[in-house]
1. Pairs under 9 Å by beta carbon, first residue closer than 16 Å to residue 100 by Cα in the stretch 59-85, partner of a type in the set (D, E, K, R) and part of a loop (DSSP other than H, G, I, E, B), six or more apart or different chains?
2. In the stretch 131-173, how many are of a type in the set (Ser, Thr, Tyr), assigned to a strand (DSSP E or B) and touching a Ser or Thr at 6+ places or on another chain (Cβ under 9 Å)?
3. Can you tell me which residues in the stretch 118-144 are touching a strand residue (DSSP E or B) at 6+ places or on another chain (Cβ under 6 Å) and either free of Cβ contacts under 8 Å to residues at least 60 places away in the same chain or among the hydroxyl-bearing types (Ser, Thr, Tyr) (or both)?
4. Kindly check whether there is at least one residue in the stretch 222-230 that is in the same structural domain as residue 139 (by TED's automatic domain parsing), of a type in the set (Lys, Arg) and within 16 Å of residue 133 (Cα to Cα).
5. So, restricting to strands (runs of 3 or more DSSP E) that lie completely within the stretch 181-251, which ones have at least 2 residues that are crowded, with 19+ Cβ neighbours inside 10 Å and not polar (S, T, N, Q)?
6. Filter the stretch 80-91 for residues that are at pLDDT 95 or above and buried (at least 20 other Cβ atoms within 10 Å of the Cβ); which is farthest from residue 116 (Cα to Cα)?
7. Can you pull out the residues in the stretch 56-79 that are modelled with pLDDT of 90 or more, touching a strand residue (DSSP E or B) at 6+ places or on another chain (Cβ under 7 Å) and under 18 Å from residue 269 (Cα atoms)?
8. Being assigned to a loop (DSSP other than H, G, I, E, B) and farther than 23 Å from residue 67 by Cβ is the filter here; which residues of the stretch 264-295 pass it?
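The values are calculated or read from the model by the stated rules, or taken from the named source; none is laboratory data. Just so you know, these numbers come straight off a predicted model, no measurement behind them. Cβ sites come from the backbone with ideal geometry, for glycine too, and all protein chains shown count toward neighbours.
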Amino acid sequence: MRLRSASFRAALLSLAFLFPAANAECECGFKMNDTRDYFTHVIYNNFSAFTPTKTVSSNPDFYRHWVIQRWGIPPQNWATPLPIDNQLDNVYIQDGNLVLKQEGYSKEAILSGHNVSVASIASQSGDIIHGSFRIELKMEGATGGSVAGFFWYHDDQNEIDIEILAKEFKPDSVLVHYTTHPALDESGVLVKNATEVIPLRGDDPASSFQAHRFDWTGEELRFYQNSRLVHANALRVPQVPGYVYMNLWADGGPWSGTPSTTDVFMSVKTIAIYHNTSASEEGIDKAFNLRCEKAGGPSNITVCLDTSIESGNLDPSSVASVITPVQVWAVVLFWVTFGVAVSFV
């Protein structure tokens, strides 16, 4: 099936810019302008367009893609000595940004073992497989430990992480941790190249928004800082679907450090996640295939460039109903079918 679906997508994209389509937008997927990777679905949020609210759980634009996590973890051992509690009120819209908050944690709270009030959101869909995952964020307010995370997760053996630790902030750099799990082998030894720590340099970079990104294909993982490729590996690349998460937390352990005594804020300007689903990965996503067919098939309009969306020129949630002439789609379908047939020769 993978050989057939790969040929299907290759044939689809080979025709994506040959035929004009009428007034349709992104029904046939998304092409990455720099890598030329192709994905069928998108989660895109520009939070400046959201209505400011104390919580966003009831906002339909937010809830369409995301759900706020409401669970806690008790203290377990020396590595996670403090309980954490993901709170609904710690996720809200302010000044055109999505904000995740970690509440300040006093020294008295440490001695009494009170919960650390933190924040986490997860994608509504757990069927995200391969894609380009992008976020513009800044982390501020910390006077102590806090971890900001942007990651994809299936289980402890299939996880792709970008993490930033407040305790590592420097005036001229922010250290960014890139990890492909499992990062340890069966003997507990760190796997070479499975995790890298790469500084994002600049003049007080922690005080301004920075663009973080990882691309996940069937063959490798690539990590970017402000559109610059900084790390890649082909180690144990996941081949199963999962969820996307963002979180802000500290549990007093050696990774996060003692929780910040002041409120910490993870502000997110935009999120763009171009991705496949289990069905579209195999070329059998009926809803996607029908939507593309009704829009007239692949073209330079129905297959959208990521740059067109992130510049604000296209709204990927807008889907037009005008269809190109049947004879054009028939030609496209013939060549796609031909490409599939050739893959078995």
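1. These pairs meet every condition: 84/251; 85/70.
2. Qualifying residue count for the region: 1.
3. Passing the criteria: 120, 123, 132.
4. So far as the stretch 222-230 goes, yes, one or more of its residues are in the same structural domain as residue 139 (by TED's automatic domain parsing), of a type in the set (Lys, Arg) and within 16 Å of residue 133 (Cα to Cα).
5. Strands (runs of 3 or more DSSP E) meeting the threshold: 210-216, 221-225, 243-249.
6. 91
7. 65, 66, 67, 68 - these are the residues of the stretch 56-79 that are modelled with pLDDT of 90 or more, touching a strand residue (DSSP E or B) at 6+ places or on another chain (Cβ under 7 Å) and under 18 Å from residue 269 (Cα atoms).
8. 282, 283, 284, 295
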